[in-house]
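Engineer: Questions regarding the structure given below will be posed in turn.
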Amino acid sequence: MKTDWIEKWAKLLVRYSLEVEKGSVIKLRGPVAAGELITKVYEELLRAGAFPRVSAQLPGMSEIFFKNANKEQLSTLSPIDLYEAKKIDGIISIGGQNNTRELSAIDPAKQVMTMKASKQLSDIILKKDNWVITLFPTAAHAQDAQMSVADFEEFVGKAMFLDKANPISAWKTLSRNQQKLADRLTKTKKVRILSPDTDITLNITGRKGVNSDGHRNMPSGEAFTSPVENSAIGYICYTYPVVAYGREISGIRLEFSEGKVVKCNADKNELFLKKMLDTDKGARFLGELGIGTNYGIQKFIKNILFDEKIGGSIHLAVGKSFDDCGGKNKSALHWDMIKDLRKDGELYFDGKLIQKGGKFIAKDLAGLK
């Protein structure tokens, strides 16, 4: 990636996403493949007067862990990790795999055990609300996106506005426009998502709309909330596959009654889908309704950090809801699933059409394009 883009990226994460203050202790973690960005972020953290703690992961370590760890190791949370999570002031997590299918042969029961064990850790980090995740472009992710490495690097950079003279200013503009959508979600009671293969209604009465403007995800570009837990009714066919834990689950169709998934199907890896939906009692209820507004992202690349932000899409996540939104659903799972509304899709707030074919038609949302 271009050197000046890496420098802008590091500054964006430290100065905008986390707004790092002098004297703060910041955890910086990522794979060796992202070393170029990790180094620049480390440098920027020092310039900000912070105390960085760096953790770099070697290729293949996740596979080694799941193949060799015993039941106790899989289900035990490290007390050192727990102590660190309580003490740090913020965390910057950089993704970037050499092999995105590394865990495809791992028993999902092992992954569920580890996910349950790490819930306490993730709860602490989420409660502090001072974290950001991003993705460094590797050859493996470029391959998933069906792009060359050079084209994928450009795609990633433009999704974060690194091609702009001042990316921070560009994110502040998006934030102002997107806040109007978040406000509309807060005021709305019922949401209906409609297309030839989908008809689902949600109640979001009393739930807060949140403006995801690059402070927790980079890139970002969505407004989201948590539906009332027992309200989802109807069915939805998701447009794109879920890619998680080294697997690809495609052709997903979920049917809801009184908020709960009562029927689920998938064209590929259906058994794994059902296993994850049985993670715990909350895994079959919705934790999130998100509306993608980043029209700089127009292509599905099999990475949820980017895909859920596609301008003209929505996503409904099963599992854990958000406390900030007023959500009450508890689960170790949070799985985002994407519905593209850019073709024959309609989105209604309290019976009023606000988006058709992926484009906002409400006057107050005209800036989201």
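Engineer: Of the numbered conditions (1) surrounded by 19 or more Cβ atoms within 10 Å (Cβ to Cβ); (2) farther than 19 Å from GLN355 by Cα; (3) at pLDDT 95 or above, ARG253 fails exactly one; give the number of that condition.
Structural biologist: Unmet condition: (1).
Engineer: Follow-up. Would you point out the residue of the stretch 128-171, among those that are among the hydroxyl-bearing types (Ser, Thr, Tyr) and surrounded by 20 or more Cβ atoms within 10 Å (Cβ to Cβ), that is farthest from the chain's Cα centre (by Cα)?
Structural biologist: THR138
Engineer: For the stretch 11-46, what are the residues that are of a type in the set (S, T, N, Q), assigned to a helix (DSSP H, G or I) and either touching an Asp or Glu at 6+ places or on another chain (Cβ under 8 Å) or touching a residue at least 60 places away in the same chain (Cβ under 8 Å) (or both)?
Structural biologist: SER17
Engineer: Also: Residue by residue through the stretch 133-189, note down the ones that are in contact with a Leu (Cβ under 6 Å, 6 or more places away or on another chain) and not in a helix (DSSP H, G or I).
Structural biologist: LEU135, PHE136 - these are the residues of the stretch 133-189 that are in contact with a Leu (Cβ under 6 Å, 6 or more places away or on another chain) and not in a helix (DSSP H, G or I).
Engineer: Next up: Can ILE249 be described as assigned to a strand (DSSP E or B) and β-branched (Val, Ile, Thr)? Steps first, please.
Structural biologist: Numbers: assigned to a strand (DSSP E or B): yes; β-branched (Val, Ile, Thr): yes.
It is true that ILE249 is assigned to a strand (DSSP E or B) and β-branched (Val, Ile, Thr).
Engineer: On to the next question. Being assigned to a strand (DSSP E or B), in contact (Cβ under 8 Å) with a residue 40 or more places away in the chain and either assigned by TED's automatic domain parsing to the domain that holds MET115 or under 23 Å from ALA170 (Cβ atoms) (or both) is the filter here, so list the residues in the stretch 292-314 that pass it.
Structural biologist: Of the residues in the stretch 292-314, the ones assigned to a strand (DSSP E or B) are 292, 294, 310, 313-314.
Keeping just the survivors that are in contact (Cβ under 8 Å) with a residue 40 or more places away in the chain gives 292, 294, 313-314.
Within the stretch 292-314, GLY292, ASN294, SER313 meet the criteria.
Engineer: Looking at the stretch 202-220, is at least one residue farther than 26 Å from GLU7 by Cβ, without any contact (Cβ under 8 Å) to a residue 24 or more places away in the chain and either assigned to a strand (DSSP E or B) or in the same structural domain as LEU273 (by TED's automatic domain parsing) (or both)?
Structural biologist: Yes, because at least one residue in the stretch 202-220 is farther than 26 Å from GLU7 by Cβ, without any contact (Cβ under 8 Å) to a residue 24 or more places away in the chain and either assigned to a strand (DSSP E or B) or in the same structural domain as LEU273 (by TED's automatic domain parsing) (or both).
Engineer: Does LEU286 count as closer than 22 Å to GLY234 by Cα, of a type in the set (A, V, I, L, M) and part of a strand (DSSP E or B)?
Structural biologist: yes
Engineer: I want to confirm something. Restricting to the stretch 172-188 and keeping residues that are farther than 10 Å from GLY209 by Cα and among the charged types (D, E, K, R), which single residue is surrounded by the most Cβ atoms within 10 Å (Cβ to Cβ)?
Structural biologist: Looking at residues that are farther than 10 Å from GLY209 by Cα and among the charged types (D, E, K, R), I get LYS172.
The values are calculated or read from the model by the stated rules, or taken from the named source; none is laboratory data. Predicted, not measured: the structure shown is a model, and the values here were computed from it. Every residue, glycine among them, receives a Cβ derived from its backbone with ideal geometry; neighbour counts consider all protein chains shown.
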